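Written out below as structure tokens is the structure these notes cover.
Where a number appears in this text, it was derived from the coordinates with a stated rule and is not lab data. Only a predicted model underlies this, so the values are computations on that prediction, with no experimental measurement involved. Note that each Cβ is placed from the backbone with ideal geometry, even for glycine, and that neighbours are counted across all protein chains shown.
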Amino acid sequence: MPEILVDKLTHTFGKGGPNPLTVLEDINLKFESGSFCSIVGTSGCGKSTLLKMMAGLFEPSDGQMTLDGDIIRGTDRRRGMVFQQDAVFPWMTVSRNISYGPRLRGASREEQAEIETKWVDMVGLKGFEDRWPRELSGGMRKRVDIGRVYANDPDVLLMDEPFGALDAQTKERMQADLLETWRQSKKTVIFVTHDLEEAIFLSDKIIVMSARPGRIRHIEEVSLPRPRTDEMRLTDEFIQIKRKLWAMLEH
Ligand SMILES: Nc1ncnc2c1ncn2[C@@H]1O[C@H](COP(=O)(O)OP(=O)(O)OP(=O)(O)O)[C@@H](O)[C@H]1O
Ligand SMILES: [Mg+2]
């Protein structure tokens, strides 16, 4: 079962140079297979840096990360990343964007069509298959992004504030849809956000980081039952967790 372990990870930008900047210090984490974990922390605490290292976009200056026991080095389709800015190709239709990864790997026409049908439907874009990105709203482009990462069939999805730019209603709908996709696919998700409510609604576990250099300040297990519903956002349990995490981020 794929599981990510982060072991004594420290990262210093410009190490050995005149202006070294340590952004992450002694990070030890375990992401269980199939779980949904969020990482929260104030701006600049190193959340994106940590996620990019898990994607293999660059290496930590100290410590290591493993996926299923294999040291993470370089990018790999087992780890898919959704960036904060949408990364859809403007010159491809919705369908073609979604099947981009499989096509690159030489999937047949039939396989591509099958993947397109499945993921267009899963991310809620049925009827928009042949549209161009410029014809879509921000939320819809985000759906294309998510579908494209899922279509690559990764073991782990790394998501960096994917809904940060969306209005509140669109965001809540996207959260519910993401949970449904996650429930059906059973992939491990690591989700960065600075929206506490979003983190609580989505996660099994919330990792709270302290300000720079980023360290693990607290890990909150969220025991709200699944499937999660919007009404849960108003329960005492939910509000108590929110209050607790809020106080931690304040200090
Ligand atoms: N390539 C880089 N070279 C030098 N410093 C960097 C680089 N990337 C990030 N940093 C610095 O590392 C720190 C952490 O950045 P990071 O983007 O990981 O923060 P973050 O927690 O994701 O913040 P936000 O919530 O604003 O997205 C910041 O001070 C940033 O300036
Ligand atoms: Mg960031």
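Suppose R0 equals 30 Å; then what is the FRET efficiency for Asn28 and Arg105 from their Cβ-Cβ distance, rounded to the nearest 0.05? Walk me through the numbers on the way to the answer.
On the way: r = 34 Å, r/R0 = 1.14.
Step by step, r from the Cβ atoms, then E = 0.30.
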Out of every Cα-Cα pair in the chain, what percent are more than 31 Å apart? 25 percent
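Rank by packing, highest mean first: peptides 37-43, 241-247, with packing defined as the count of other Cβ atoms within 10 Å averaged across residues. Show your work: numbers first, answer last.
On the way: 37-43: 21.1, 241-247: 14.1.
Listed from highest to lowest mean packing, they are 37-43, 241-247.
Expressed in nm to one decimal, what extension gain is obtained for the pair Leu5 and Arg173 from 0.36 nm per residue of sequence separation less their Cα-Cα distance? Each step should come with its number before you reach the end.
On the way: separation 168, 0.36 × 168 = 60.48 nm, distance 3.10 nm.
That pair, Leu5 and Arg173, stretches by 57.4 nm at full extension.
Can you give the FRET efficiency for Met232 and Asp68, using 1/(1 + (r/R0)^6), R0 = 30 Å, r = Cβ-Cβ distance, to the nearest 0.05? Write down the numbers at each step before the final one.
Details: r = 33 Å, r/R0 = 1.08.
Once rounded, the FRET efficiency stands at 0.40.
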Filter the trypsin sites (Lys or Arg not before Pro) in region 1-100 to those in DSSP coil with at most 13 other Cβ atoms within 10 Å of their Cβ, and list the result. Lys15, Arg73
